[in-house]
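Bear in mind these aren't lab numbers, they're just calculated from the coordinates by the rules spelled out. A quick note: this is a predicted structure, and the numbers were derived from the prediction, not measured. Cβ atoms come from the backbone with ideal geometry, glycine included; neighbour counts cover every protein chain shown.
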Amino acid sequence: MQYIGSEMNECEGEQPPVAAREPVESVVHGHRRRDPYAWLRADNWREAMADPSRLAGPIRAYLEAENAYADVVMRPTAALRKRLFDELRGRIREDDTSVPLRDGPYAYYSRFREGGQHPLLCRQPAAGGEEALLLDGDAEAADRSYFRLGAAEHGPDHRYLAYAVDTAGAESWKIRFRDLETGEDLAEVIEQAHGDFAWAADGRTLFYTVLDADHRPQWVYRHALGSDPADDPLIYEEPDDGFFVGVDKTESRRFVLIASHDHETSEVRAIPADAPVTTPRLLLPRERGIEYEVTDYGEEWFVLTNRGAEDFRIVRAPLDIPEPANWQDLVPHCSGQLIQGMMVYAGYLVRLVIADALPSIVVRDLATGAEHTVAFDEACYELGLIPGYEYGTTTLRLTYSSLATPARVYDYDMATGERTLRKEQEIPSGHDPSAYVVHRLVAQTPDGERVPISLFHHRDTEPDTATPLLLSGYGAYGLIDLPGFSPHRLSLVDRGFVYAVAHVRGGRDRGERWYRDGKLANKPNTFRDAIACAEHLIASGYTGAGRITLHGGSAGGMLVGAVLNERPDLFHAAVADVPFVDVLNTMLDASLPLTPPEWPEWGNPIEDEVAYRTILSYSPYDNVCAQAYPHILITAGVSDPRVTYWEPAKWVARLRACKTDDNLLLLYTNMSAGHGGPGGRFDYLEEVAYRYAFILLAYGHQEAVSAC
């Protein structure tokens, strides 16, 4: 099995590699399909994910040939990429520091050193004093081709730090323990962890999750410091291979929680944090389609649930009898007002609410029942809650940003309503939010829905039919794509682009119904919404047909592929990052890491012919046809456990064989990273610069065009 290569000149006339066709035929529900590029899936994909050097020779050769071709095509943009990288880096304060979070005698924070790629974890006495460097991410990453620091948490007595590291990009974490008095790591290392964990109250016991052979977090174990992890007792095993399991703690730190879930059902068990050897107690047994999460308050559980409440409600129940018969509404259901999350303090309940793609924070005084809303004035923005360590406080920490306004961290006094700005994201090269115009539009769909669009552009840009526009979309898993600030986008917007976010169905941007209407049999609505948004932006004069770049990553890459198959005429270019595009083949393969947990999202085409036909109707790889496509850049990662590298590789191969145009089609595969790309912050900026240079090259921007 070989790819058919071609000699590539340094400039004009270079030809892309052509993948060999090795058709594999299948018949499912009486439907016959031929997959000419199935060979790109390595038989040893599990081993290759953990160690990319083990990828089979012909597959590696093809991926490397695509990378080499992309390098040749992008060679004229070398100076532009350097300029873009310098711009992107110039917008980052290199020695940035997070706002410290107090926990008893210490305040904990992270910071970067100038020129450093990875965070440094630090603390200092809460009353002020000398900094202690707890963990040096740059030092840990030295001499590694990939490194990412994951969760890190100090124990309740501040003696030990547990931290997770990924050294392959495959999201298989190692948990290590550092003695903060000596600065030395303990001998024990937990392998093959999912990366989430929770300390018991003694500061010597840790609960953690472990991945199975298919990369699903299936087991919860308990580790005692000083012991061999091989002897750790199993605390819980998730029996359903469609569920994930995770561990956490309540805000009061009284309980360790074990949560099992798929995309529509959840189940929680609790262990008293001061009695870690206690058998986990099941709070509410799982029921298909019922989601819930809990936290404790006094002698009650607060339960956030969709039982009898499409957009969720919060109920209270006794700690010892939390069954629904004992529930009392604390925050009743309000249709269209999605309760996205809750946090509880000693005297306050805080909830994050999303309505019509706009967030708000509601604070309730638990003694009086009085509520008030934390409000902001811009047309569209992003809000977030930052969990703290202290329970008996009136201070809520929150973040705010908009498309034009850099991130701000506030301390909000829940008793007085006083808001204190603790930090504003610094843009060292300079940024004036008032130099940008932020708008909210609404696109009408053929079935009568109204899809919000958030957008911004420079005030000196007067959009018309010639204006380039980047349209971003996601629309899956109920994830909400709020229009927060990214300094990277300024590199396009300052060059005359309009940047727009389509709040398509499949996310919860407009509540639970918005999610439900973009999943399973309704999934095509996601793609129709994106098309409606593109058409509305054209009709509103923000751009013209064939002047839009469509961008999405992962499931958003599916959106890109499906929309391009249906309406390529609307777009000038597209960028699909680690795109989930071989949907039908993946959902038919129960051995892949995420397939069984994904069936509630996309449907199970193995057992359900309707699901099979629905997925077949939109799966980007299966619907490539002989037509003209816009310029396209596609990325992949060999270590990616979420979207396996062969999905984008197969998609590119089929596009090359079918498309009728001469537009650019590039595949760039990171041979030593996974879904999230490079681990270092500056390495990531190199990828952003590459993406933007491709877009500018596709438009023939004067900075991107140079003689060979």
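Cα atoms only: what Rg and Dmax, in Å, come out for the stretch 331-407?
Rg then Dmax for the stretch 331-407, in Å: 13.0, 38.
Rounded to a whole number, what is D in µm²/s for the stretch 341-473 from Stokes-Einstein with the Kirkwood radius over alpha-carbon pairs (25 °C, 0.890 mPa s)?
This corresponds to a translational diffusion coefficient of 142 µm²/s.
Provide the packing ranking of 573-580, 127-134, i.e. peptides ordered by the mean count of other C-beta atoms within 10 Å per residue, highest first.
Top to bottom by mean Cβ count within 10 Å: 573-580, 127-134.
What are the extents of the Cα atoms of the stretch 154-243 along their three principal axes, listed from largest to smallest and rounded to whole Å?
42, 28, 20
Determine, from the Cβ-Cβ distance of Asp86 and Gln627 and an R0 of 56 Å, the FRET efficiency 1/(1 + (r/R0)^6), rounded to the nearest 0.05.
It comes out at approximately 0.90.
Between rounded, prolate and oblate, where does the stretch 620-708 land on the alpha carbon gyration tensor, with a ≥ b ≥ c its root eigenvalues, rounded for a/c under 1.5, else prolate if a/b exceeds b/c?
Cα axes put the stretch 620-708 in the oblate bin.
Tell me, what is the percent relative contact order of the chain, built from C-alpha pairs under 8 Å that lie six or more residues apart?
RCO, the chain: 11 percent.
In nm, what is the difference between 0.36 nm times the number of residues separating Leu282 and Arg32 and their Cα-Cα distance?
Extending this stretch completely gives an extra 85.4 nm.
May I ask for the distance between the Cα centers of the stretch 265-292 and the stretch 16-95, given as a whole number of Å?
Taking the Cα centre of each part, the stretch 265-292 and the stretch 16-95 sit 42 Å apart.
When every alpha-carbon pair in the stretch 179-297 is counted, what percent end up more than 21 Å apart?
Here the long-distance tail beyond 21 Å is 39 percent of all Cα pairs in the stretch 179-297.
Please give the per residue volume of the convex hull enclosing the alpha carbon atoms of the stretch 280-323, rounded to a whole number of Å³.
So the per-residue Cα hull volume is 73 Å³.
Once you have the Cα-Cα distance between Asp608 and Arg111, take 0.36 nm times their residue separation minus that, and quote the gain in nm to one decimal.
My answer for the length gained is 173.9 nm.
If you average the C-alpha positions of the stretch 679-708 and of the stretch 419-489 separately, how far apart do those two centres end up, in angstrom?
Going from one Cα centre to the other spans 21 Å.
Return Cys334, Cys533, Cys658 ranked ascending by Cβ neighbour count within 10 Å, so the fewest neighbours appear first.
Going from sparsest to densest Cβ surroundings: Cys658, Cys334, Cys533.
Dividing the Cα radius of gyration by the Kirkwood radius, what Rg/Rh value follows for the stretch 1-137?
Expressed as Rg/Rh, it is 1.22.
I'm checking a number: the convex hull volume of the Cα atoms of the stretch 536-577, normalised per residue, in Å³. What is it?
Cα convex hull per residue, to the nearest whole number: 60 Å³.
In nm, what is the difference between 0.36 nm times the number of residues separating His439 and Val18 and their Cα-Cα distance?
Full extension of this stretch gives 147.2 nm more.
Once you list every other residue whose beta carbon is under 13 Å from the beta carbon of Ala653, what net charge do they have if Lys and Arg are +1 and Asp and Glu are -1?
+1
If you wrap the stretch 436-481's Cα atoms in a convex hull and average its projection over all directions, what's the area in nm²?
4.4
If you add up the charges near Asp166, with Lys and Arg at +1 and Asp and Glu at -1, over every other residue whose beta carbon is less than 9 angstrom from its beta carbon, what do you get?
Computed value for this residue: +1.
Beyond 33 Å, what percent of the Cα pairs of the chain remain?
So the portion of pairs separated by more than 33 Å is 52 percent.
For the stretch 38-100, max minus min Cα coordinate along each principal axis, in Å, sorted largest first?
46, 41, 18
Any idea what the alpha-carbon Rg over 2.2 N^0.38 Å comes to for the stretch 455-613?
After normalising by residue count via 2.2 N^0.38 Å, the value is 1.09.
Name the residue farthest towards the positive end of the dipole of the chain from the options Tyr400, Leu211, Ala355, assuming +1 on Cβ of Lys and Arg, -1 on Cβ of Asp and Glu, about the Cα centre.
Comparing the listed Cα positions along the dipole, Ala355 ranks first.
Percent of Cα-Cα pairs per 10 Å bin, from 0 to the last occupied bin, for the stretch 449-546, please list those.
Reading the bins upward from 0: 17, 44, 29, 9, 0.
Counting pairs of Cα atoms in the stretch 245-351, how many percent are more than 24 Å apart?
17
If R₀ is 51 angstrom, what is the calculated FRET efficiency for the pair Glu299 and Asp43, using the beta carbon separation as r and rounding to 0.05?
Efficiency at R0 = 51 Å is approximately 0.35.
Taking the simple approach of a point 7 Å from Cα along Cα-to-Cβ for both Glu130 and Glu390, what is their distance in nm?
Between Glu130 and Glu390, the simple spin-label model gives 2.5 nm.
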